[in-house]
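Worksheet: the structure to be examined is printed underneath.
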Amino acid sequence: MKVIFIFAISFFLFISVSVYADEYKHHHEAEPKFSPEFIKFMNEMNVGMEKMMKDMHASGYTGDPDIDFLTMMIPHHEGAIEMARLVLIYGTDPLVRKIAEDIIATQRTEIEAMKQRVKILKAGHELEPEGFPAIGGTRGPTKQR
């Protein structure tokens, strides 16, 4: 009885792993209908996304939501720049290319602003909270610590 049970469990695990492997393969391999150029684009996008995710979590958490948010957003924006760069190489639509160019310009500015703000926050002194340059978008009232 014990042998049958072990065989049944082994068989179930074998089938489960096989099904999972087929599903993984199906979702992570390029479809044959894609051109070699698109496959190159797709592979470079995947490398960029993996790098971005790794970099976002590299510093770990500090316990300060503001610092943690900014240190994770910096690689997130760098990832957006990389994606935009790739669409400029491989994409053809003029409006998408314009959006990509705008993303590169604005994200670089925002990255520099975030890096400067992290330095101020890590130093532990607030120079002038309302005087920090706005980088666009809607900002709510600041909460004093």
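Brief remarks on what is shown
- Efficiency of FRET between residue 34 and residue 98 - r from beta-carbon atoms, R0 22 angstrom, step 0.05: 0.30
- Note on residue 44 and residue 119: the model spin-label points, each 7 Å out from Cα along the C-beta direction, lie 3.2 nm apart.
- Each residue, residue 72 and residue 88, gets one label point 7 Å from its Cα in the Cβ direction; the gap between the two is 2.8 nm.
A short reminder: the numbers here are calculations on the coordinates, not readings from a lab. Everything numeric here is computed off the predicted structure, so don't read it as measured data. A quick note on method: Cβ atoms are made from the backbone with ideal geometry, for glycine too, and the neighbour counts reach across all protein chains shown.
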